[in-house]
1. Looking at Gly135, Gly140, Gly144, can you tell me which residue is surrounded by fewer than 17 Cβ atoms within 10 Å (Cβ to Cβ) and not in a helix (DSSP H, G or I)?
2. Before we move on, is Gln128 surrounded by fewer than 13 Cβ atoms within 10 Å (Cβ to Cβ), assigned to a helix (DSSP H, G or I) and not assigned by TED's automatic domain parsing to the domain that holds Thr32?
3. Scan the stretch 147-156 residue by residue and report those that are surrounded by fewer than 15 Cβ atoms within 10 Å (Cβ to Cβ) and in contact (Cβ under 8 Å) with a residue 24 or more places away in the chain.
4. Whether any residue in the stretch 157-167 is assigned to a helix (DSSP H, G or I), loosely packed, with under 14 Cβ neighbours inside 10 Å and among the hydroxyl-bearing types (Ser, Thr, Tyr) is what I want to check.
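The values are calculated or read from the model by the stated rules, or taken from the named source; none is laboratory data. What you see is a predicted model, and the numbers here were worked out from it, not measured in a lab. When we count neighbours, we look across all protein chains shown, and the Cβ atoms used for this are built from the backbone with ideal geometry, even at glycine.
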Amino acid sequence: MSEIKKRNAAKTKAAILRAAAILFAKQGYQETTVRAIAAEAGCNPALISRYFDGKASLYAMVVGEKMPGHRTMTSDVRTGARARELVQRQLDLAHRISYEEHRDRVSILLRSAGPGASGEAIRQLLDQLLAAPFGQHVDGPDAGLRASLLFVQLFGLSLLRDMVGLPQLAEASDAEILWYLTPAIHQILVPARSYPAGAARKRPRP
C-alpha cells in the first residue's frame, strides 16, 4: 500500500471512529446503523466492515478509546499500595478529561445496554471490556465479582464527582478521597474473609 493510501485509510478510520462515538452516545448501539455511521463519516458503508469487521467490533473499539485500558501494576497488592495506586490513577484521569468527555463515556454505556437479546450481548461485551481487565488485580474466591466491584467503585467515583457533581464529592480534595476510599478498594483486592459458603448467591427478582 502506498503512503498516500495509508494516510487516506488512517483518516477514514479516524472519521469512522469519531462518527461512531457521536452516534453511539446519542442513540445507543441498537439504534445506530452501519449506514448512519458511514453517512456521518462521509464514507462507503463497506469500509466499516473492511476496517473494523462490523458494528460490534467498532463499538468495542469506541468503548476502548473512551475507557482507557488498565495498565499492569507492580505495586504490592497486600500492603494497600495497589489500592492507593488504583484510586490515584482514577483521580488523575478525571483531571485530564472534560465534562463533555465524561458525558459521552456514560452515554455510550447507558444508551446501549438496553433490554432484550441485543442489550444482553452488549452487556456481555462491556463486562469483557470494562470489568474483566480489573481481574489482573484480584484472585481467589469471587474474583469476577470483585473485579466488577472495583470498576463500579472507580468509575462511579468519576461519574458522581466529575459529571453529576455530587456536592460532598465534588468539594472533597483528592487527598481526602484517597484517605477514605483506599481502604475500601483494598478490602475488595484482599478481602479479610470470603463470602460465607452456602449463603445467597443470586439476586432476587421482583
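1. Gly140
2. Judged against the criteria, Gln128 is a match.
3. Within the stretch 147-156, no residue meets the criteria.
4. no
A quick yes/no check of all residues on (1) within 17 Å of the chain's Cα centre (by Cα); (2) at pLDDT 90 or above; (3) surrounded by fewer than 19 Cβ atoms within 10 Å (Cβ to Cβ):
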| position | (1), (2), (3) |
| --- | --- |
| Ala20 | yes, yes, no |
| Ile37 | no, yes, no |
| Ala41 | no, yes, no |
| Ile48 | no, yes, no |
| Ala56 | yes, no, yes |
| Met67 | yes, no, yes |
| Arg103 | yes, no, yes |
